[in-house]
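K.L.:
Quick one: structure below, then a few questions.
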Amino acid sequence: MPPWLLDRIAAADPQYPTAAEAARRSLLRDGPMREWRNAAEPPPFAERETDARTPSILAESVRPDRRISDAGGEESLPGRLVRREGEPPTGDTAADQAYDGLGETHRLFARVFDRDAIDGAGGALEATVHFGDHYDNAFWDGERMVFGDGDGEVFRGFTESLSVVGHELAHGVTERTARLRYSGQSGALNEHISDVFGALVEQYAMGQDAAAATWLIGEGVFTSAVQGRALRDMLNPGTAYDDDVLGRDPQPAHFRDYIETTDDNGGVHLNSGIPNRAFALAARELGGFAWEHAGRIWYDALTSGRLRPTDGFHVFAAETVRAAEQRYGADSREARAVDAAWREVGIEPPEPRA
Amino acid sequence: MDVIVSRSGGIAGLRLTWRVDVDTQPDPDRWYVLIGEIPWEEAPAAPPEPDRYTYRIRCEPHEGAAHEDAGHEGDDHEPTSPKPHDDAAAEAREATLAERQLTGPWRELFDRVREAAEPQRGGRAER
C-alpha cells in the first residue's frame, strides 16, 4: 500500500480506529524499507540511515497545533479565534478549509521531512481567514498565514487551494531555515520553495505521482469567468492563464528570459518560474512520488545550513546537486536528474561552495 | 498632475495600476494639500512580507507645469506665499511602500485614488 494512503488512514483514527492502528504499524515497519528501495545505493553515512527511520516515528507522536482566527472582513490581525486544534468544524468554509489545509501541510512536513510544524518544534500553526474586504490575496506576515476572500469576479477565496495554504506555510519554514531574502533571485527562490512544498502538499494529499500531478499552484482560486487553470504552472511556466482581463501568465521558464524589474520585490513571483520548472523536470525524470526524491533533495538543501540569505539561482542549484549526491550518491540517477534539470532551464550548477 | 499607484506582488504576482489626473477632479486643491503633506522622503522602511503587496506611488506633473512654477518662484516681488498646490504641482515625487506601511496620509491618498479611478491590470513589469 502506498505510504501516502497509509498516512491518511493512520491520521483518520477517530473514524477508523482499527485500520488507523494497522496503517501506523505498517508505516513504522515499511518506512526504512521504502527508504532503501528508493535509494540507488546504501546511504553514504550511517546517520542517514537513522534519519531515514525518523519520519515515521515522529509521525507517530506529533499532532499539529492549529489556531484559526476570523478577521471578519477587517484588515486587522489576528482577528477572533474561531477554531482550535481538535475542535469540530465551524461551518465556515474558509475557516474549515484553512484548518484542513494546515493539517495536510503539517502531515507532509512531519511524515516525509521529519519536521514538526513551522519551527520544527511543534509550534502553533496560526491562520487568519476573511481578511479585508474582497481582499485578493493570501500572505505570510512572519507569524501567521492570512487569507482574503477574493473579489468574487477574478478570485474566489484563497483557502480553496491546498497548494496556496501549503505555499504560505512554507514561507514560514523558509523564514526559520535558509532565510532567503525576499528580493531579486533569493526572493524568487523563496517563492520557488513555497511553490515546491505547496505542490507537494497537494500531491501527497491526493496520492499523485510526478507524472499524474498537475504541477499547478492555486488551482481553484480563479472564478469560472477567468480563462485560466491556476496562478502558476511549475512544469510549463507562462501557461497558467491567458485571459482578457488578467492578460497572459508572465512567468519565464528559462534563465535567458529572467525579468529585471522593480515590481514585486524584483519580480519574485515572476522569476520563480525558472527554478519551478527545474524542480518539476527533475521530479518527472525520476518518476514516482516527487516528495520521496526531488522533495527530499530540495528540503535537504533548504535546511543544510549552507545557504546564505542572498544566494541566487546558481548557488541554490549547486546545493541541490550536492544534496542529491549526499543522499543518493555522487553519480546517482537522482544527482544526474537534478543537474540535468537545472541545465535545461539555463542554469549550469557550479561547484558547491566549500 | 497625475497620481499613479501601481500595486505589485501578492501571491498571484499580478499588477494593478490606478491613474488619476488631479486637475480634473472636483477638488484638486484638497489633493494638492494631501500630496504636500505626505513625507515623500521618509517612506518608512520595513522588511518585505512574503506575498504581501508592494505599492509604488508616483506624482507626475503635466508637461509645462514645472516650468510655470519655476517662473513663479523667481518672482521676488510676489508678496503672498504660493498656494500649497503650487509647491506640490512642481515636482515629480515617488515612493515605494510595503502594504503594512500604507497608513496615515499614504493610505488616505491611496483610498482617494482608488475611489477616483478604475484600475488597469497587467502590462509589462516595470524596470
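K.L.:
Can you give the FRET efficiency for B:E42 and A:H134, using 1/(1 + (r/R0)^6), R0 = 22 Å, r = Cβ-Cβ distance, to the nearest 0.05? Numbers along the way, then the final one.
P.N.:
On the way: r = 31 Å, r/R0 = 1.41.
Efficiency at R0 = 22 Å is approximately 0.10.
K.L.:
Now for a separate question. Could you go through the range A:204-215 in sequence order and give the Karplus-derived ³J(HN,Hα) for each residue, using 6.51 cos²θ - 1.76 cosθ + 1.60 with θ = phi - 60°, rounded to whole Hz, and x for Gly and Pro?
P.N.:
Karplus-based 3J(HN,Hα) across the range A:204-215 equals 5, 5, 9, x, 9, 7, 4, 6, 7, 5, 7, 6 Hz.
K.L.:
Compute the distance in nm between two label points, each set 7 Å from the Cα along the Cα-to-Cβ direction, one at A:D151 and one at A:E260.
P.N.:
Output for this residue pair reads 3.2 nm.
K.L.:
Now, a different point. Which of A:S69, A:S161, A:S76 has the fewest other C-beta atoms within 10 Å, and how do the rest follow up to the most? Walk me through the numbers on the way to the answer.
P.N.:
Numbers: A:S69 22, A:S161 26, A:S76 10.
Neighbour counts put them in this order, fewest first: A:S76, A:S69, A:S161.
K.L.:
If you average the sequence gap of Cα pairs under 8 Å that are 6 or more apart and divide by the length of the range A:78-194, what percent do you get for the contact order?
P.N.:
Details: 160 pairs, mean separation 22.9, N = 117.
Rounded, it is 20 percent for the range A:78-194.
K.L.:
Taking the Cα centre of the range A:121-224 as the origin and placing charges on Cβ (Lys, Arg +1; Asp, Glu -1), which of A:V154, A:I217, A:G198 is farthest toward the positive end of the dipole?
P.N.:
Going by the Cα projections, it comes out as A:G198.
K.L.:
Counting pairwise Cα distances across the range A:65-212, what percent come out greater than 22 angstrom?
P.N.:
Values: 3982 of 10878 pairs.
Beyond 22 Å sits 37 percent of the P(r) for the range A:65-212.
K.L.:
Determine ³J(HN,Hα), in whole Hz, for all residues of the range B:46-56 in sequence, where each value follows from phi through the Karplus function 6.51 cos²θ - 1.76 cosθ + 1.60 and θ = phi - 60°; x replaces Gly and Pro.
P.N.:
Karplus-based 3J(HN,Hα) across the range B:46-56 equals 8, x, x, 9, x, 6, 7, 5, 10, 10, 10 Hz.
K.L.:
Taking neighbour Cβ counts within 10 Å as the exposure measure, how do A:M234, A:M206 sort from fewest upward?
P.N.:
Details: A:M234 30, A:M206 14.
Fewest-to-most ranking of A:M234, A:M206: A:M206, A:M234.
K.L.:
Amide H to amide H, which residues 5 or more places from A:S69 or on other chains are under 5 Å from it, using H placed in the peptide plane?
P.N.:
A:V82, A:A127, A:T128, A:V129
K.L.:
Also, quick follow-up: Quick check: Cα centre of the range A:224-240 to Cα centre of the range A:89-144, how many Å?
P.N.:
23
K.L.:
Using the basic label-point model (7 angstrom from Cα toward the beta carbon), what is the A:R353 to A:T223 distance in nanometres?
P.N.:
Distance between the two pseudo-spin positions: 4.7 nm.
K.L.:
Continuing with this model, one more query. I need to check one value: relative contact order of the range A:204-354, counting alpha carbon pairs closer than 8 Å and at least 6 residues apart, in percent. Write out the running numbers ahead of the final one.
P.N.:
Working: 236 pairs, mean separation 28.8, N = 151.
Once normalised by length, the contact order is 19 percent.
K.L.:
Rounded to the nearest 0.05, what FRET efficiency do B:V33 and A:R333 give with R0 = 51 Å and r taken as the Cβ-Cβ distance? Could you check? Present the calculation step by step, with values, prior to reporting the outcome.
P.N.:
Details: r = 68 Å, r/R0 = 1.33.
Rounded to the nearest 0.05, the efficiency is 0.15.
K.L.:
For a quick check: with amide H placed at 1.01 Å from N, whose amide H comes under 5 Å from A:R115's, ignoring anything fewer than 5 positions away on the same chain?
P.N.:
Counting only residues 5 or more places away or on other chains, the set is A:A110.
K.L.:
Mind giving me the nanometre distance, one decimal, between the label points for B:A92 and A:R84, set 7 Å out from Cα along Cα→Cβ?
P.N.:
Calculated label separation equals 5.7 nm.
K.L.:
Using a 10 Å cut-off around each Cβ, can you sort A:D244, A:D264, A:D119 from fewest to most neighbouring Cβ atoms? Write out the running numbers ahead of the final one.
P.N.:
Values: A:D244 9, A:D264 27, A:D119 15.
Arranged by neighbour count, lowest to highest, A:D244, A:D264, A:D119 become A:D244, A:D119, A:D264.
K.L.:
Using a 10 Å cut-off on Cβ to Cβ distances, tally the other chain neighbours for every residue of A:135-142 and report the average as a whole number. Write out the running numbers ahead of the final one.
P.N.:
Working: counts 2, 7, 10, 5, 9, 5, 6, 3.
What the average comes to for A:135-142 is 6.
K.L.:
Would you mind checking which residues have amide H under 5 Å from A:Q251's amide H? H placed 1.01 Å from N; only 5 or more apart, or other chain.
P.N.:
A:G238
K.L.:
Could you run the Karplus curve 6.51 cos²θ - 1.76 cosθ + 1.60 with θ = phi - 60° over the range B:104-109 and give me ³J(HN,Hα) per residue in whole Hz, x for Gly and Pro?
P.N.:
Per residue, the Karplus-derived 3J(HN,Hα) values read x, x, 4, 4, 4, 5 Hz.
K.L.:
Additional query: So how compact is the range A:184-344: Cα radius of gyration and Dmax in angstrom?
P.N.:
Answer for the range A:184-344, Rg first and Dmax second: 15.3, 49 Å.
K.L.:
With the contact rule set at Cα under 8 Å and sequence spacing of 6 or more, what percent relative contact order holds for the range A:197-280?
P.N.:
On the way: 122 pairs, mean separation 17.8, N = 84.
Taking the mean separation of contacting Cα pairs over the length of the range A:197-280, I get 21 percent.
K.L.:
Place the peptides A:111-117, A:342-348, A:255-261 in order of packing, highest mean first, counting for every residue the other Cβ atoms within 10 Å and averaging per peptide. Write down the numbers at each step before the final one.
P.N.:
Working: A:111-117: 22.4, A:342-348: 18.1, A:255-261: 15.7.
Listed from highest to lowest mean packing, they are A:111-117, A:342-348, A:255-261.
No value in this document is a laboratory result; all are computed from the given coordinates. Computed from a predicted model, the values in this text were never measured in an experiment. Glycine gets a Cβ as well: all are built from the backbone with ideal geometry, and neighbour counts include every protein chain shown.
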